[in-house]
Amino acid sequence: MASCHDEPGKGSGVEPEPQPVARCVLVYQVANNNGLASKSIDDLNEMIQAAEAGIPGDEGKLLVYNHRNGKAPVLLQIKASGPDTLKTYGTELTSVSAARMLEVFDDIRDFAPAHDYGLILWGHGSGWLQDGTSDIPAHKRSYGGDSGKWMNITTLADVIHDAGRPFSFLYFDCCYMASVEVAYELRDAVPVIAGSVTEIAGEGMPYHLTLDRFFTPEKADIEGAAKATFDYYDEWGKGITRPECYPKSFSQRYCTMSVFYTDGLDRLAEATSKIYGRTPSASPTDMTPQQYGRGSSYKDKYFDFGRYVADLCIDKAGNERYPGASGDLDAFRTALSACVAENLSMDYVFGSTIPIKEHCGLSTYIMKTPDDAQTKNYGTLSWYEDVASALKF
């Protein structure tokens with residue numbers, strides 16, 4: 001008779017609470033009216049391919065928020081048998097609104113309780129550019145690109161904070177997000193971040209080759225995922241064909257990848273602010289910045305951070321620009337190396353348009369006049385307030 005008492009799931013009509021898995025990874029795909037809808041399907045198929053190979057296994061769950069052209073947003077669980085729809089969302093909110101993102105963050109805890117969560121942001125990216133408030137009609141910036149609407153990096157940081165900072169890593173599968181401004185804004189939101197200082201080719205991360213790194217025991221291997229992504233393009237550029245991609249040739253593909261830890265960013269900011277406050281000019285005439293952006297909107301927004309700081313300390317002839325600059329530069333480089341754990345680049349990006357002679361793993365914006373703080377609201381960033389505002393012109 002002892003077996004006849006009500007037990008959840010055994011005749012009581014009460015569903016048992018799902019047991020927490022070791023890790024749940026959320027891929028947040030913004031592919032609505034932004035040219036990426038077909039790419040989101042390609043990547044979903046890569047995830048299913050990984051699931052068929054046994055990833056993430058019994059101790060992990062892979063969830064995808066997918067919003068693409070003409071479809072209601074859905075939350076999917078990726079399984080070997082295909083995607084299961086966990087929830088369908090309304091279209092009254094854009095996928096780059098704080099309210100929608102918080103809703104999804106809450107939902108993954110309900111559908112996939114886990115001891116650890118990871119976040120992959122998938123879509124367009126423009127780094128630190130700060131004009132993505134919801135009441136501006138177009139050309140909004142930073143992350144997303146849902147029908148022309150974007151989320152500011154400051155908003156993203158707030159959203160992760162409001163969600164209880166649940167993520168142990170953030171992987172940007174989108175362009176231009178490995179900037180020191182982005183990293184610094186997110187320094188209290190997530191401990192490790194992966195991204196690219198420049199554009200990412202349309203194929204993005206090869207999920208069928210990287211997902212196992214996100215589900216390694218103890219902690220996710222973010223450096224391994226970034227390296228696997230870089231190697232995919234690096235090998236492709238050396239003559240390997242990719243029959244699953246169109247076109248199959250490497251033409252105009254490229255890749256840079258970085259992984260950085262945020263707990264050292266306050267020290268990096270302190271070392272940088274010291275140099276910015278002592279160097280005689282924010283824009284020396286003989287500096288040789290390493291460019292990462294292209295096109296009218298982006299070519300003057302992203303430069304190699306390490307090269308720029310070095311140019312503020314040492315002139316082209318090898319002389320200190322101010323007394324003690326060499327020591328300050330050494331301290332800066334020590335702080336930078338403590339943050340950047342993976343730093344991978346090809347010799348060129350955009351075909352052979354821009355040579356990559358230096359790549360420290362983080363980009364930065366170079367102001368040439370005080371008015372440049374108004375460019376895309378650069379002056380609203382924590383990096384400007386704490387560091388870049390010390391520059392002299």
In the range 202-215, anything closer than 16 Å to D43 by Cβ and open to solvent by 10 Å² or more (accessible area, probe 1.4 Å) is listed as G202, E203, H208, L209, D212, R213
Residue by residue through the range 202-239, note down the ones that are charged (D, E, K, R), at pLDDT 95 or above and part of a helix (DSSP H, G or I). D212, R213, E223, K227, D231
Residue within the range 292-303 that is surrounded by 16 or more Cβ atoms within 10 Å (Cβ to Cβ), touching a helix residue (DSSP H, G or I) at 6+ places or on another chain (Cβ under 7 Å) and hydroxyl-bearing (S, T, Y) present: no
Return the total of residues in the range 153-188 being out of contact with any helix residue (DSSP H, G or I) (no Cβ under 7 Å at 6 or more places or on another chain) and of a type in the set (G, A, S). 4
Would you check if there is a residue in the range 240-261 being more than 19 Å from W122 (Cβ to Cβ) and at pLDDT 95 or above? yes
Qualifying residue in the range 357-370 (condition: assigned to a helix (DSSP H, G or I) and buried (at least 17 other Cβ atoms within 10 Å of the Cβ)): no
Can you tell me how many residues within the range 212-241 are touching a residue at least 24 places away in the same chain (Cβ under 8 Å) and of a type in the set (K, R)? 2
Selection from the range 174-191 of residues touching a residue at least 60 places away in the same chain (Cβ under 8 Å), open to solvent by 10 Å² or more (accessible area, probe 1.4 Å) and not in a helix (DSSP H, G or I) yields R187, D188, P191
Scanning the range 245-299 for residues that are without any contact (Cβ under 8 Å) to a residue 24 or more places away in the chain, more than 20 Å from M346 (Cα to Cα) and not in a helix (DSSP H, G or I) gives Y246, P247, T285
Of the residues that make up the range 235-254, is at least one touching a Pro at 6+ places or on another chain (Cβ under 6 Å) and over 17 Å from F332 (Cβ atoms)? no
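The values are calculated or read from the model by the stated rules, or taken from the named source; none is laboratory data. Given the structure is predicted, the values throughout are model-derived calculations rather than measurements. Glycine gets a Cβ as well: all are built from the backbone with ideal geometry, and neighbour counts include every protein chain shown. SASA here: full protein model, heavy atoms, side chains in, ligands and nucleic acids out. Shrake-Rupley method; radii C 1.70, N 1.55, O 1.52, S 1.80 Å.
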